[in-house]
């Protein structure tokens, strides 16, 4: 079983939560990137990440929620990707994340779970649906698998490690110590992979040390 707490600083890590439609929409690009490079997929609990940084998720701000849903549906149509929102959102993704943790976040399992949720539009927070997903993955006893693999603790540790690495949202692609958040950051991440000096020169270097002009008080 791979140790998720060591050895990630020098590689490429993709952090995701299946609750994110943007993670689903970028998954094919991550899979393509993994053809020629070692990309490790790491499930994290988005709610815990947001709580740590004092943020709300897009679906927790009513106008932003509608915008997000419409944008994702539009982007899927533009990319000709099969896409259907599950019957409710946000939903409880914890069981699915534990399942993927137990399966060491195997790429085929990651794809199967994302397709189940976002291509078929099914609700993994429903126990019957979760069990149906398990059957597609050849798993007879979800609870036994989670207990045997210590998936709860491993997911918690993996989320804490992601936060320690600076992850503040999903999907995030970590390349060495640099983080590229969101579907729209993929072009920049790919450019950085081709040119590791990209962020260290010119205006990129200047804005990395830009001082704060004003701070808004929380609350």
Item checked: Percentage relative contact order, the chain, counting C-alpha pairs under 8 Å, at least six apart -> 29 percent
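For a Förster distance of 30 Å, can you work out the FRET efficiency between the beta-carbons of residue 208 and residue 69, rounded to the nearest 0.05?
For residue 208 and residue 69, the calculated efficiency is 0.35.
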Next item on the list: Kindly rank 150-157, 63-70 from highest to lowest mean number of other beta carbons found within 10 Å of each residue.
Entry: 150-157, 63-70
Note to self: Per-residue counts of other Cβ atoms within 10 Å, averaged by peptide: what ranking do you get for 29-40, 95-106, highest first?
What the structure shows: 95-106, 29-40
Margin query: Between residue 120 and residue 144, how high is the FRET efficiency from 1/(1 + (r/R0)^6) when r is the Cβ-Cβ distance and R₀ = 25 Å? Nearest 0.05.
Written below: 0.50
Next item on the list: Report, to the nearest 10°, how far helix 127-136 tilts away from the longest principal axis of the Cα atoms in the chain, using its own Cα long axis and a range of 0 to 90°.
Entry: 90 degrees
Item checked: Sites residue 216 and residue 191, calculated FRET efficiency, Cβ-Cβ separation with R0 30 Å, nearest 0.05 -> 0.40
Check: In what sequence, highest mean first, do 160-167, 112-119 appear when ranked by Cβ atoms within 10 angstrom?
Finding: 112-119, 160-167
Next item on the list: May I ask for the angle, rounded to the nearest 10°, between helix 151-164 and the longest principal axis of the chain, with both axes built from Cα atoms and the value confined to 0 to 90°?
Entry: 10 degrees
Item checked: Full-extension gain in nm, residue 56 to residue 31, via 0.36 nm per residue minus C-alpha separation -> 6.1 nm
Note to self: Restricting to Cα pairs below 8 Å that are 6+ residues apart, what does the relative contact order work out to for segment 105-219? Please round to a whole percent.
What the structure shows: 9 percent
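Is it possible to state the helix-based mean residue ellipticity at 222 nm for the chain, with each DSSP H run of 4+ residues giving -39500 (n - 2.57), the sum divided by total residues, to the nearest 500 deg cm²/dmol? What is it?
Calculated from helices alone, the mean residue ellipticity at 222 nm is -14500 deg cm²/dmol.
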Next item on the list: Specify the angular offset, from 0 to 90 degrees and rounded to the nearest 10, of the alpha carbon long axis of helix 62-79 from the longest principal axis of the alpha carbons in the chain.
Entry: 80 degrees
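Computed from the coordinates by the stated procedures, all read-outs in this text should not be read as laboratory data. For clarity, every value in this text was computed on a predicted model and none was experimentally measured. Cβ coordinates were reconstructed from backbone atoms using ideal geometry, including for glycine residues, and neighbour counts include every protein chain displayed.
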